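Everything below concerns the one structure shown next.
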Amino acid sequence: MPDLAVRAATSSAPPVTPAPPTAKQCRPADLAADLRTGIFRSARRLRAERGSADLPDHQYSVLGWLNINGPLTPGMLAEMQHVQPPSMTRTVNTLVELGLAQKAEHPTDGRQVVVSLTDAGLREVKETLRRRDTWLTGRLAQLTPGERATLAAAAQLMRGIAAS
């Protein structure tokens, strides 16, 4: 039988307000395990909200990097994504074939190309972000003001953890 967190993440019923954490749940190792599970489940659910192109995660991620950073070489994208250059070349070529990215000559190195978003690629990124924000906003609206305040504080802490 799925646990309460799984049911809450998949149903439209308002979430159950959790009991205050126990001392054991606040120990770093126990908290880490609980947060890891919650973060991965939340991320998986958010990634399920996709734009009309319904891209696999690795392809959408490349569009996201291009949206944030502007034009990049395939080598830079491979490094950011922690994949081998041949894999990134295949991903970039697929995005180009779909009309979501384009390649151009590198401005200073004729041996390389730079990859950038097309207008269609930018629309895909914006639509995916809109759908994800809509889903998450709906879930957050089901929480009490106090629960949302707790999550706002936790979001600041999570950004700090991620930055270190």
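The values are calculated or read from the model by the stated rules, or taken from the named source; none is laboratory data. All values derive from a computational prediction rather than experimental measurement. Counting neighbours? That spans all protein chains shown, and the Cβs are built from the backbone with ideal geometry, glycine included.
Observations
- Verdict on Thr128 being crowded, with 16+ Cβ neighbours inside 10 Å and out of contact with any helix residue (DSSP H, G or I) (no Cβ under 6 Å at 6 or more places or on another chain): yes
- Among the residues making up the range 137-164, those that are in contact (Cβ under 8 Å) with a residue 12 or more places away in the chain and not in a helix (DSSP H, G or I) are Gln142, Leu143, Thr144.
- Cross-chain or 6+ apart pairs with Cβ under 7 Å, the range 89-115 first and closer than 18 Å to Asp57 by Cβ, then among the aliphatic types (A, V, I, L, M) and assigned to a loop (DSSP other than H, G, I, E, B): Leu98/Ala53; Leu100/Ala53
- Some residue of the range 10-20 being under 20 Å from the mean Cα position of the chain (by Cα), at pLDDT below 95 and either more than 19 Å from Glu127 (Cα to Cα) or not in a helix (DSSP H, G or I) (or both): yes
- Of all the listed residues (Ala152, Ala78), the sole one being among the aliphatic types (A, V, I, L, M) and within 30 Å of Pro20 (Cβ to Cβ) is Ala152.
- Subset of the range 40-68 [surrounded by fewer than 13 Cβ atoms within 10 Å (Cβ to Cβ), free of Cβ contacts under 8 Å to residues at least 60 places away in the same chain and more than 16 Å from Ser87 (Cα to Cα)]: Phe40, Ala43, Arg44, Ala48, Asp54, Ile68
- For the range 77-104, taking the residues that are among the polar types (S, T, N, Q) and part of a helix (DSSP H, G or I), the one that is surrounded by the most Cβ atoms within 10 Å (Cβ to Cβ) is identified as Thr91.
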